[in-house]
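Notes for the one structure printed next.
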Amino acid sequence: MIRRNTCDEAGARSDGLMIVSIIFIAAFTYIAFTTNPVYTGIGVGDRVPELKGKVTTDGVTWTDFDLADNIDPLWSEGKAGTWTMIEFMDTNCGACQNAGPDIRDMETMWTGENPQRTTPENTTVEFLAVSISLWTEDTPGKSYGRDEIVSFREEFQHTFAYMDLQDNSHQDNWGGFGTPTYFLISPNGIIEYATPEADYGYSIWDAMNDKIPRGD
C-alpha cells in the first residue's frame, strides 16, 4: 500500500513537471514567432541610432535637440507623426554646396505653413542638417566652427535646423561616411531610406515622395 502511494506521488510530480514544461515551451515558441526584433543601425529597416546635439534655427541661438522627441515607437500608419529627413554634411564639401539649392527647393515643397506636397493633416515633415568634419581645421583651405555653419545655412537660405557635430561624435553610433549622406526616418524611428545602400539614381527626394503618405 505504501509502495503504491509513493508511485502515485512520483507520477503526479512527473505529470506536473511535464505540464509546466509544455507551458514554457509553448510560451517560448509564441514569443519566437510573434516577436520581430528590430536592430539599431544605419540600414533600411533598422531602428535609428541616438542623435543629440546643439542646433540653431535662427543662426543666433543654439538649443538642445534630441531625435527621440520626433519618435513614437507605437506609431502606425494613420496616426499622427513626424517624418525626419536627415542630411549629414560638411560645410567644406563641394557636393554639399551643390546640393544646397535643391534642398532649399525641397524644404519649400515639404515644410512650412503651405507645403506644395500634401500630407495627411496629422503628419509633419522636418529637415535636419548635421554638420560633421571630413577634414581637420589645420587642413589648408578648410574652416570649421559654428560661424561656418551659420554662414552655410544663410548662403542657401535654409530655415530648418542645423546641428553642430563637427567633433564627429556621431561616429560613436552612426559610424563614418562621406557627405552628403541622407536618411529618412519614419515616425516610429525606423530608417526608410539610407544613402549608403540606395539604388543608383534613387534619391532621398524620391524616397520621401514614395514613403510619406499623401493628404487628400
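None of the figures in this text is laboratory data; all of them are computed from the coordinates on show. This structure is a prediction, so every number in the text was calculated from the model and none was measured. Cβ placement follows ideal geometry from the backbone for every residue including glycine, while neighbour counts extend to all protein chains displayed.
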With 0.36 nm assigned to each residue of separation and the Cα-Cα distance removed, Glu121 to Trp75 gains 15.0 nm
Inter-probe distance in nm under a simple model that places probes 7 Å from Cα toward Cβ, at Arg47 and Asn98
3.8 nm
Suppose we keep just the alpha-carbon trace of region 134-204; what are its Rg and Dmax in angstrom?
14.5, 42
Distance in Å, no decimals, from the C-alpha centre of region 80-97 to the one of region 177-209 is 10 Å
Projected area averaged over all directions for the convex hull of the alpha carbon atoms of region 52-211, nm², comes out at 9.7 nm²
What does the charge count near Thr40 come to, summing +1 for each Lys or Arg and -1 for each Asp or Glu among other residues with Cβ under 9 Å from its Cβ?
-1
Mind ordering 134-141, 37-44 by average Cβ neighbours within 10 Å, highest first?
37-44, 134-141
Expected output is a single nm value to one decimal: the length gained when fully extending between Asp138 and Asp199, i.e. 0.36 nm times separation in residues minus the C-alpha distance. What is it?
18.4 nm
Using Cα-Cα distances under 8 Å and only pairs 6 or more residues apart, what relative contact order does region 54-195 have, in percent?
36 percent
Taking the mean number of other Cβ atoms within 10 Å as a proxy for protection, how do you rank 146-155, 189-198, 85-94 from highest to lowest?
85-94, 189-198, 146-155
Relative packing of peptides 181-187, 63-69 - highest average C-beta neighbours within 10 Å first
181-187, 63-69
Report the extension gain between Val38 and Ala68 in nm, rounded to one decimal, defined as 0.36 nm multiplied by the number of residues separating them, less their alpha carbon distance.
9.2 nm
Determine, for Glu107, Glu121, the number of other Cβ atoms within 10 Å of each Cβ, and report the residues in order from fewest to most.
Glu121, Glu107
